[in-house]
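Below: one structure, written as structure tokens.
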Amino acid sequence: MQLAVLGLNHNTAPVGVRETLAVDGSELAEIYSEIMSNDRIYEAMIISTCNRVEYYIVTDDFLCNIESVLEIVSEHCKMDRSELRKYTYIHCGEDSVRHIFRVASGLDSLVMGEPQIFGQVKDSFENCRLYGGAGTFLKKLEEYTIKTTKKVRTYTGIGENPVSVSYAAVELATKIFGSLSDKHALIIGAGEMCELASKHLVTAGIGGITVTNRTFEKAQRLAGEVNGSAVEFDSFKTCLPDSDIIISSTGATELLVTAADVKDAMALRKRRPMFFIDIAVPRDIDPLINELENVYVYSIDDLKAVVDANRKQREKEAVKAMEYIDAGLAMFYEWLESMKIIPVIKSLRQQFEDKKEEELKRFSSKFKIEDKNELAKIEYLVTAYMNKVLHTPLKNLKNASAVKGKYSLDEALKILFELEDMK
Amino acid sequence: MFFDLSILCAVLALLHVTLFIFMGYQRLASITNIFAVLGLVFSSAQFITLWQTKHMLPFGSVSGLFLFLSQALMLVYIMMYIKYRRLTLGLFIFPLTVLFIMIARFAGGIPANINPHAAGFWLYIHLPFTIIGTAFFMVSTIGGIMYFVQERQLKNKNFGIIFRTFPPLDTIDKLINTTLYIGFYTFTIGLLSGLIWMMYANGVINIYSPKLVFAIITWIIYSGITFYKQIKGMSPKDTALSTIVGFISVLITYVGVAFFVMG
């Protein structure tokens, strides 16, 4: 049995194709049942997010069976198979297991290291159990995927260093102020960027937010969304002394905050640090303010430089993450190897059971034992003896099955029964 | 044996913190702290053994003083780590710990015999408190330097390894304040007990003693900083600068008096 995956993602398919192939929650049951109707597909799982659609199958002949999945997909999205092939990739065996570990860890995401994909993969495993696609293989794969992803996220910095401008701005604020719980932010403007930054600030636990905008109603609306207060645009400078973080993104053509304004504010706030984030083009905040002591001004270009540096850092962390993924892969295959011995163990046990039944019948007829209680006692004795005899070799057989070694028969017996040399 | 083990632990802690900063493996952080704690345990065991066998503390020798200073630095690091969870501090503290412990080693290690002039209740209060106070001042100065470095990174928009691994400015400022205040109170106890010890030992307080004069100057500088902070308030940058100025006076007290005034 091996795992194979047929999929497409943001690297292989344009958004239009991804949209067509996306699997809605309501369609899952039908697609799962279609895939599982193939006798040679033992287990299956579907991952469908905005950036990827992937079909995992557990099969013994991935070439034939992945074709059947391709057919189901092409029927489902009404796209020609040859057309579909252009956008899809196929992995099998170790590559497919490595692929799912990479996907769950965020290494294969559009924004490398983003954490949401881990939750989406967990949900997909849950759906696969719900719709009857999961068996021993996928259940174990889920366990190892979760374990490996947690290690990657804990022991590497793959999820650190933000790679979006608004989040990078908030992260920079924490580099100055540490905790934001006792800090106040002033948001100048109520556009999309300001809204995003405000929401990131709220998530980071900001103490309070004041919003100002030329259209006061818009300021009030944003303030309401982030549990803040709104202030008239003409009087926002009175808020400067109490504001630690100032984020500005307006369409103003002239500077809204000058060095003189900040000098006055700094005197009132006893020169406690201030952080200005100017996302506007043309700029709202005078760049000369950065020359003032304890004041830091970041423009949109500075933030982009932060994002670029962070992206490079994440790429470095991805190399480290691959070490944990390879370790997880090795452990998963160790388990898989140990599973190969299960049919042998089952057959050995069955053979012992059959012999036991046979001998019990022979014994009862030979000694004419008809009392059922008497027979039950004898059966109990034989079963207990059989279990005791089998326990050590079966345990050792299971443990040693992942170790690929060649033994002579006498060596194998010694290992299985833990025999000691007799003098 | 404990002495050598504490050297080994300090070196290993330094090695692991350096690897952590440059390689970023989180596991190295816990290993660093294990070595730091072990280093402190071993050097404390050295002092306890000395007290049990010879009923003395090794303050009569340069090596003993440096050994205690390295131990005090390790103690301050552990305390500050528990409070602020910042391993970067170790990158600055451990080299000093290793340096001081090596000086102690090359200055003859633990003295074999008790120096009768370097024993007594008040001296055993004076020296540990002064040294621990000095260790706190050292760490506050390290914080001051870190503040300036990180502040430059933020101003110049350099987003390299230092920027990522150094703590936020606010955390550095809090660390400076904590070490500054604890250092000041500890140093004050050390200074007062030193005066009492001097009175018992000489029968009189010699106010012209260069060591005392410089120690009082140091105390005045630090008390000036702490009182100004309390009453008027000080910006984080000025606080960082004041720790560096304060520590220069500590250096003059120790190095200046030892090498230039005393001859």
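The values are calculated or read from the model by the stated rules, or taken from the named source; none is laboratory data. Only a predicted model underlies this, so the values are computations on that prediction, with no experimental measurement involved. No Cβ is skipped: glycine too gets one built from the backbone with ideal geometry, and neighbour counts run over all protein chains shown. These accessible areas exclude ligands, DNA and RNA; they are computed on the full protein's heavy atoms, side chains included. Shrake-Rupley method; radii C 1.70, N 1.55, O 1.52, S 1.80 Å.
With +1 on each Lys and Arg Cβ and -1 on each Asp and Glu Cβ, and nothing else charged, work out how big the dipole of the protein assembly as shown is about its Cα centre, in Debye to the nearest 20. Could the numbers behind the result be given before it?
Details: 69 positive and 70 negative charges, 527 e Å.
Magnitude of the dipole: close to 2540 debye.
Check which residues have an amide H placed less than 5 Å from residue A:246's amide H, if you skip close sequence neighbours.
Answer set, sorted by chain and number: A:186, A:275, A:276, A:277.
What is the spin-label model distance, in nm, from residue A:86 to residue B:216 if the labels are put 7 Å beyond Cα along the C-beta direction?
9.1 nm
Excluding residues fewer than 8 places away in the same chain, name every one of the lysines whose C-alpha is closer than 20 Å to that of residue A:366.
Those lysines meeting the cut-off are A:355, A:356, A:377.
Taking the Cα centre of the stretch A:198-298 as the origin, how large is its charge dipole in debye, to the nearest 20, when only Lys and Arg (+1) and Asp and Glu (-1) carry charge on their Cβ atoms? Numbers along the way, then the final one.
Values: 11 positive and 14 negative charges, 53 e Å.
The dipole magnitude comes to about 260 debye.
Would you mind getting me the FRET efficiency between residue A:387 and residue B:162? Use the beta-carbon distance for r and R0 = 60 Å, nearest 0.05.
Numbers: r = 64 Å, r/R0 = 1.07.
So, using R0 = 60 Å, E works out to roughly 0.40.
Compute a Gaussian network model of chain A, connecting alpha carbons closer than 10 Å, and tell me which residue from A:79, A:322, A:386 fluctuates the most.
A:386
If I require 27 Å or longer along the helix axis, counting alpha carbons, and a Kyte-Doolittle average no lower than 1.6, what helices from chain B are left? Use full DSSP H segments. Walk me through the intermediate numbers first.
Numbers: long enough: B:2-23 (30 Å, 2.33); B:26-54 (43 Å, 0.78); B:62-84 (32 Å, 1.57); B:88-106 (28 Å, 2.10); B:121-156 (53 Å, 0.75); B:169-202 (47 Å, 0.83); B:210-231 (31 Å, 1.06).
For chain B, where a helix must reach 27 Å along its axis and average at least 1.6, the hits are B:2-23, B:88-106.
For residue A:50 and residue A:154, what is the calculated FRET efficiency with R₀ set at 25 Å and r taken between the beta-carbons, to the nearest 0.05? Walk me through the numbers on the way to the answer.
Values: r = 26 Å, r/R0 = 1.05.
Efficiency for this residue pair is about 0.40.
Just to be sure I understand: with springs between alpha-carbon atoms less than 10 Å apart, which residue in A:209, A:57, A:46 has the highest mean-square fluctuation in the Gaussian network model of chain A?
Its mean-square fluctuation being the largest, the pick is A:209.
Of the options A:190, A:132, A:167, report the single residue whose Cα projects farthest towards the positive end of the charge dipole of the protein assembly as shown (beta-carbon charges: Lys, Arg +1; Asp, Glu -1).
After comparing all options, I get A:167.
Determine the distance separating the Cα centre of the stretch A:1-61 from the Cα centre of the stretch A:313-359; give it in Å without decimals.
25 Å
Specify which residue in the list A:89, A:236, A:215 is farthest towards the positive end of the charge dipole of chain A, using unit charges on the beta carbon of Lys, Arg (+1) and Asp, Glu (-1), about the Cα centre.
Of the listed residues, the answer is A:89.
Could you give the size of the charge dipole of chain B about its Cα centre, using +1 on the Cβ of each K and R and -1 on the Cβ of each D and E, expressed in debye and rounded to the nearest 20?
So the dipole magnitude of chain B works out to roughly 540 debye.
Give me the accessible area per residue for the stretch A:145-201, probe 1.4 Å, as a whole number in Å².
On the way: 1960 Å² over 57 residues.
I get 34 Å² per residue for the stretch A:145-201.
I want the local charge near residue B:155. Using Cβ-Cβ distances under 14 Å, sum +1 for each Lys or Arg and -1 for each Asp or Glu among the other residues. The partial results should precede the final answer.
Values: positive: A:175, B:152, B:157, B:237; negative: A:291, A:293, A:302, B:151.
Its environment carries a net charge of 0.
Would you work out which of B:169, B:74, B:136 lies farthest towards the positive end of the dipole of chain B? Charges go on Cβ: Lys and Arg +1, Asp and Glu -1.
Highest projection toward the positive end goes to B:169.
Interface size between chain B and chain A, please: total buried accessible area, 1.4 Å probe, rounded to the nearest 100 Å². Present the calculation step by step, with values, prior to reporting the outcome.
Working: alone 13290 and 23040 Å², together 33970 Å².
Interface between B and A: roughly 2400 Å².
Between A:278, A:80, A:326, find the one with the highest GNM mean-square fluctuation for chain A; connect C-alpha pairs within less than 10 Å.
A:80
Return the calculated 222 nm mean residue ellipticity for the protein assembly as shown, to the nearest 500 deg cm²/dmol, obtained by summing -39500 (n - 2.57) across DSSP H runs with n ≥ 4 and dividing by the residue count. Present the calculation step by step, with values, prior to reporting the outcome.
Working: 24 runs with 440 residues, N = 686.
Roughly -22000 deg cm²/dmol at 222 nm, from the helical runs in the protein assembly as shown.
Given R₀ = 56 Å, FRET efficiency for residue A:373-residue B:1 by Cβ-Cβ distance, to 0.05? Write down the numbers at each step before the final one.
Numbers: r = 71 Å, r/R0 = 1.26.
In this case the efficiency is close to 0.20.
Taking all protein chains in place and a 1.4 Å probe, what share, in percent, of the accessible surface of the protein assembly as shown do carbon and sulfur account for? Before the final figure, lay out the partial values.
Values: 20630 of 33970 Å².
Percent of accessible area from carbon and sulfur atoms in the protein assembly as shown: 61.
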